[in-house]
Amino acid sequence: MKTIIEKMTEIISEAFVECGYDASYAKVTVSNRPDLCEYQCNGAMAAAKAYGKAPFMIADDVVAKLSGNAAFKSIESVKPGFINIILNGEFIAGFVDEMAVAEKFGYAPKSGKKTVIVDFGGANAAKPLHVGHLRSAVIGESVKRIQKFAGNEVIGDVHLGDWGLQMGLIIEELRDRKPELPYFDESFAGEYPTEAPFTISELEEIYPAASAKSKVDAEFMERAHTATLKLQSGDKACTAIWNHIMAISKEDLKKNYDNLNVSFDLWKGESDAQPYIPGMVQDMIDSGLAYESQGAMVVDIQEETDSKELPPCIVRKSDGAALYATSDLATILEREKLYSPDSYIYVVDKRQELHFTQVFRVAKKAGIAPQQREMTFLGFGTMNGKDGKPFKTRSGGVMRLEHLIADIQEACYTKIMENRTVEEAEARDTARIVGLAALKYGDLSNQASKDYVFDVDRFTSFEGNTGPYILYTIVRIKSILAKYASEGGVCEGLAVNKEQSVSEKNLLLALVRFLEVMDVAYEENAPHKICQYIYEVSNTFNGFYHDTKILGETDEDKKKGYIALISLTKAILEQCIDLLGIECPDRM
Ligand code: ARG
């Protein structure tokens, strides 16, 4: 359905046209002086130039045409030529009732249905998930949900880092620890065991140990490089070990992502792109796009409009090896072949921006993806500690994601137990949900590209712009509705009040903005716009709640209007947190 701003703009454009002015001047916006009016139209100011008239004369003309229009409680022209609007209570009530019964509250994006690949997560197999992977998972999950809500066909791909040096390191460390394994017996000709030669906890310990060893032991590093090359050229023993690493690592990653309430449609990785690489690079050489530079093969990506110099993209190293960019290009090739998406969204650390500029440009220059393909790099900033430096553990090491989650859930548990209204077991479960909300909201409420400070105390606070505050608001509404129902009230099929108190109308005005907010959040892939919005809705609801005796209202019809209003408030808040990948408990 149309947004309330679009509806008003329509009404006001008619008046502009009737007065002899162009309809395009009738743009309505939310008032930036809420003390004076709810909405405003500044079109007369712009029209004044075009028509050589004083702006207030135009505004006066238009307003005169609209006096008595049922949509407005008041519409007035204010010098030098603003049009200030206050909506009629009945008009906005009608709009809100329409939203309440419409699918997706009437949200319908302007663009048609697309197929979208969201590349997020990006964990590296066999390495523990750390906080650096948190942002990609949390932001990507929300972007994926927003895209789906907009009616798109969305494919989320975890795109694992599964083809790098870490594999060679693990293989060689395994050789040193268990040389008796058949993988290391050159003369072994039988079938390799189906059972992995390590458990997940061993694997978790093997990689850091191997990585540390490689830094002090050059011979070991050399072996790891060789093993990686052997794997990449299809060696049977290395491939067998790789398969074990992948199976175990994926299972563990799935568990971790599940705990975060993050999921993927595809569990592909860099390795899936490898078969496409030789042909793809050869095509770039044959077409003359790739040329030799210091033994490597490179593609120029500089464009005239660039304000700074951009280095060429290396697609093959001098030793013949493929690189990160090659692998991303081949991945696009495969995705084009298998899914032919309309658009790609990469949710990756913003420090990789140059890499993606190179990849996108080469993909189009080489015809791997057609010109019109939308390619978006959604780069995110760093999560810092309170000292303003990248987040570390107390001992200065890299914090593992599961420890971070456990910490924040523990903080929530303590708070919930302080309130002491629920049993211990329920408190644990609630703390799990609220903790996750604190963590995700703390992240998502910042514009993705900005760095932010991870602050457990602030994120877990039940007051202020936090996840727990939003959940607390929803829980409060749930409990009012439950009480109403327990007293025999029916919550469905009600209409909001056509005349409202100030704080009641503020809540209506906040709810109708949902449609505009969704437009922006979708167009800009911006979960933080949803956070801003639900914070505002929560504050507005709490203002209404403090002003109003909802269940104590003696006028039954009025009470029903309140119930309709808070039911929709709850539904919209729940929809919004779902788009953020956040869940809400029944009690807190
Ligand atoms: N594995 C990479 C890393 O840890 C992130 C992958 C991002 N996605 C991509 N298509 N390159 O940095």
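Just so it is clear, none of the values below were taken in a lab; they were calculated from the coordinates. Remember, predicted model here, so these are calculated numbers, not experimental data. Please note: Cβ atoms are built from the backbone with ideal geometry, for glycine as well, and neighbour counts cover all protein chains shown.
Could you please tell me the mean projected area of the C-alpha convex hull for the range 401-503, averaged over all directions and given in square nanometres to one decimal?
With every direction weighted equally, the projected area is 9.9 nm².
With runs of 4+ DSSP H residues as the only contributors, calculate the mean residue ellipticity of the chain at 222 nm using -39,500 (n - 2.57) per run, divided by the residue total and rounded to the nearest 500.
Working: 21 runs with 310 residues, N = 588.
Helix contribution divided over all residues of the chain: -17000 deg cm²/dmol.
In sequence order, what are the phi-derived ³J(HN,Hα) couplings for the range 84-93 according to the Karplus relation 6.51 cos²θ - 1.76 cosθ + 1.60 with θ = phi - 60°, rounded to whole Hz, with x for glycine and proline?
9, 10, 10, 6, 5, x, 6, 5, 5, 4
What is the count of Lys pairs in the range 329-480 whose alpha carbons sit under 30 Å apart, if the two are 8 or more places apart or on different chains?
Counting lysine pairs in the range 329-480 gives 25.
Could you please state, rounded to a whole Å, how far the C-alpha centre of the range 102-128 is from the C-alpha centre of the range 279-314?
Between the Cα centre of the range 102-128 and that of the range 279-314, the gap is 31 Å.
Straight-line reach from LYS570: which aspartates and glutamates have Cα under 17 Å away, leaving out those fewer than 8 places along the same chain?
Here the aspartates and glutamates satisfying the reach criterion relative to LYS570 are ASP97, GLU98, GLU103, GLU492, GLU504, GLU536, ASP578, GLU583, ASP586.
Place the peptides 501-510, 257-266 in order of packing, highest mean first, counting for every residue the other Cβ atoms within 10 Å and averaging per peptide.
Descending packing order for the listed peptides: 501-510, 257-266.
So what's the convex hull volume per residue for the Cα atoms of the range 107-166, in Å³?
Cα-based convex hull of the range 107-166, divided per residue, equals 77 Å³.
Hey, what D do you get for the range 235-321 in µm²/s if you plug the Kirkwood alpha-carbon radius into Stokes-Einstein at 25 °C and 0.890 mPa s?
It comes out at roughly 148 µm²/s.
Measure nothing but the geometry: give the 0 to 90° angle between the long axis through the Cα atoms of 514-523 and the longest principal axis through the Cα atoms of the chain, rounded to 10°.
30
Each residue of the range 492-505 in turn: what ³J(HN,Hα) in whole Hz from Karplus with 6.51, -1.76, 1.60 and θ = phi - 60°, glycine and Pro shown as x?
Listing the rounded values in order: 8, x, 9, 10, 6, 5, 7, 10, 10, 6, 4, 6, 5, 5 Hz.
Which number comes out as Rg/Rh for the range 494-562 once both Rg and the Kirkwood Rh are worked out on C-alpha atoms?
1.08
State the extension gain, in nm to one decimal, for the chain segment bounded by HIS546 and ASP35, taking 0.36 nm per residue of separation less the distance between their alpha-carbons.
Gain on extension, HIS546 to ASP35, equals 181.9 nm.
At 1.002 mPa s and 20 °C, plugging the Kirkwood radius over alpha-carbon pairs of the range 438-573 into Stokes-Einstein gives what diffusion coefficient in µm²/s?
Working: Rh = 15.9 Å.
Diffusion coefficient, whole number: 134 µm²/s.
Largest first and in whole Å, what are the equivalent-ellipsoid semi-axes of the chain based on the Cα gyration tensor, each being the root of 5 times an eigenvalue? Intermediate values should be presented prior to the final figure.
Numbers: eigenvalues 564, 216, 69 Å².
The three semi-axes for the chain are 53, 33, 19 Å.
Taking the DSSP beta bridges in the chain as the whole, what percent of them are antiparallel, to the nearest 5?
DSSP beta bridges in the chain are roughly 50 percent antiparallel.
Just to confirm the number: angle between the C-alpha axis of helix 131-149 and the first principal axis of the chain, 0 to 90 degrees, nearest 10?
Relative to the chain, helix 131-149 is tipped by roughly 50 degrees.
Could you tell me how many degrees, from 0 to 90 and to the nearest 10, lie between the Cα long axis of helix 55-66 and the main elongation axis, the longest principal axis, of the Cα atoms of the chain?
Computed tilt is about 70 degrees.
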